[in-house]
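Undergrad: Structure provided below as structure tokens; questions to follow.
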Amino acid sequence: MSVPPANPLINNPPDWLTRGAPHLWLPYTQMQTTPMALPVVKTDGVRLTLDDGRELVDGVSSWWTAAHGYNHPHIREAVTTQLEKMPHVMLGGLAHEQACRLASRLTDKLPGDLAHVFFSESGSVSVEIGMKIAVQYWINSGERGRTRFVSFKGGYHGDTLATMSVCDPEEGMHSLFKGAIAEQFICELPTDEDKAAALDAFLAEHKSEIAGIVTEPLVQGAGGMLFHSPISLKLLRNLADKHGILLLVDEIFTGFGRTGTMFACEAAGITPDIMTLSKALTGGTLPLAATVARAPVFEAFLGEDAGKALMHGPTYTGNALACAAANASLDLFETEPRLDQVAAIEAQLKSQLEPARDIPGVVDVRVLGAIGVIELQSIAEPDAMKRRFVEEGVWIRPFRNIVYTTPPFTIGQDDLAQLTGAMLKVCAEFAPS
């Protein structure tokens, strides 16, 4: 049995880690060479507590989910109360209050007539459902053959088979699967007039094949924290309307305040035909995702013909515990100053990361909302960088050629300064000269 290499940061690892690590297959990890994972035994506020008592300020919010910090008492109480009543019930022919309340509250907050919510358990699945809805929308409307999607270089939408097909094929993670996944149209984002004109011409030529355009608004997250203007998003809405194509906007990362508004689409003043949500939906507590459609899309599935219905149903669709957590998370957005906190984080990140521009090997420094990025020419030793961040008392995971932070919105100035200080220090140590 292969055993992960020892982690030099762990002295006397707990028994549960040494016993379990050889059996636990971790995400995005070469299990033969990557050191044993750090043992976390507790979370609170913006901190992770390790088995040996050390505390790390979490600069990643557990993959961008813990918007309110960890163990917020309001969310914990809501989940505990729901657990005592009913942890789960199938939505096949049944319904429960938490799912109904959440669907109604989400549609009240979303732009335009995004009014029909389909729940699932993960972001990738919510995008896959959105793609399935888009294809069936055209079938139900009497147009067959519209089965392909336009997505964009630098884009990332998940790791399931259909979502891999709309990721940038050059980004590396999914290149092995060429031939096993559908071939989509991967285009340049319309970030200038020439690219907008090229996309316009492309859509005019291929619109009879295209079910939808899939995009991340304002920030391409896993593609490298690549930013683009709200104007590009507005152009996509206009082009989709011009050519009669559905627009699918993936707000899994950007939704719920991360870019400075509740939803990134608000910055462009647009309403997509389909929106996908996950990550911060439950405040980083339980898995839940949503695919939300505008009224005209939903209405294409109505009729006397049962075959027009959306034949999709994850077992834990609308899980009561997860919906209770999401309702409690929405309460916090309504009663605590989350967007003001994001604005304060943005200002501090801009000020404290700006000196990184003077570090040799730094290509760019960029900030939007509660996202701060230092882009390097390259990162030769990402595992070593991670170890240095832990030694500095923070949890930051470099990837590709970037070091970034997406902290909880509740983070204080001192903890955020610890994150930014560590980013500057470690980048200076590892930046290629």
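All of the numbers you see were taken from the coordinates with simple rules; none came from a lab. Predicted model, so just to flag it, every value in this text is computed and none were measured. No Cβ is skipped: glycine too gets one built from the backbone with ideal geometry, and neighbour counts run over all protein chains shown.
Undergrad: Between [x] 24, 58, 18, 0; [y] 28, 58, 14, 0; [z] 24, 48, 23, 5, 0, which matches P(r) over Cα pairs in 20 Å bins from 0, in percent calculated for the structure shown?
TA: [x]
Undergrad: Can you give the calculated 222 nm mean residue ellipticity of the chain, where each DSSP H run of n ≥ 4 adds -39,500 (n - 2.57) and the sum is split over every residue, rounded to the nearest 500 deg cm²/dmol? Don't skip to the end; give the middle numbers.
TA: Numbers: 14 runs with 156 residues, N = 433.
Here the helix-only value at 222 nm equals -11000 deg cm²/dmol.
Undergrad: Right, next: How would you rank LEU94, LEU353, going from fewest to most other Cβ atoms within 10 Å of each one's own Cβ? Each step should come with its number before you reach the end.
TA: Working: LEU94 9, LEU353 23.
If I rank by nearby Cβ atoms, fewest first, I get LEU94, LEU353.
Undergrad: Per 10 Å bin, what percent of the C-alpha pairs of region 1-117 does each bin hold, from zero upward?
TA: 10, 25, 29, 22, 13, 1
Undergrad: Where does each of TYR316, TYR137 land when they are ranked from fewest to most other beta-carbon atoms within 10 angstrom? Could you put the intermediate results ahead of the total?
TA: Working: TYR316 17, TYR137 24.
So the residues, fewest neighbours to most, are TYR316, TYR137.
Undergrad: Order of TRP16, TRP25, TRP64, TRP138 from fewest to most other C-beta atoms within 10 Å? Please list the in-between numbers first.
TA: On the way: TRP16 11, TRP25 6, TRP64 24, TRP138 21.
Listed from fewest to most nearby Cβ atoms, that is TRP25, TRP16, TRP138, TRP64.
Undergrad: Mind jotting down the distance between the C-alpha centroids of region 54-112 and region 341-409, whole Å?
TA: 29
Undergrad: Next question. Please state the shape class of region 84-192: rounded when a/c is under 1.5, otherwise prolate if a/b exceeds b/c and oblate if not, all from the C-alpha gyration tensor.
TA: prolate
Undergrad: Which angle from 0 to 90°, rounded to the nearest 10, does the C-alpha axis of helix 338-353 make with the longest principal axis of the chain?
TA: 50
Undergrad: According to the Kirkwood expression over distinct Cα-Cα pairs, how big is the hydrodynamic radius of region 150-214, in Å?
TA: Taking the inverse mean of 1/r over all distinct Cα pairs, region 150-214 comes out at 12.4 Å.
Undergrad: Toward the positive end of the charge dipole of the chain, about the Cα centre and with charges on Cβ (Lys, Arg +1; Asp, Glu -1), which of LEU416, LEU38, LEU339 goes farthest?
TA: Farthest towards the positive end: LEU38.
Undergrad: What is the Cα convex hull volume of region 262-418 when expressed per residue in Å³?
TA: Details: hull volume 28.7 nm³, N = 157.
Expressed per residue, the convex hull around the Cα atoms of region 262-418 is 183 Å³.
Undergrad: Can I ask one more? Only four residue types carry charge here, +1 at the Cβ of Lys and Arg and -1 at the Cβ of Asp and Glu. Report the dipole size of the chain about the Cα centre in Debye, rounded to the nearest 20. Show your work: numbers first, answer last.
TA: On the way: 34 positive and 51 negative charges, 90 e Å.
Around 440 debye, computed over the chain.
Undergrad: To make sure I understand the rule: partners must be lysines, Cα under 16 Å from the Cα of LYS308, and not fewer than 8 residues away in the same chain. Which ones qualify?
TA: LYS132
Undergrad: Taking the alpha-carbon distance from LYS109 and a cut-off under 18 Å, which aspartates and glutamates remain once sequence neighbours fewer than 8 residues away in the same chain are dropped?
TA: Straight-distance partners of LYS109: ASP250, GLU251, GLU266, ASP273, ASP331, GLU334, GLU336, ASP340.
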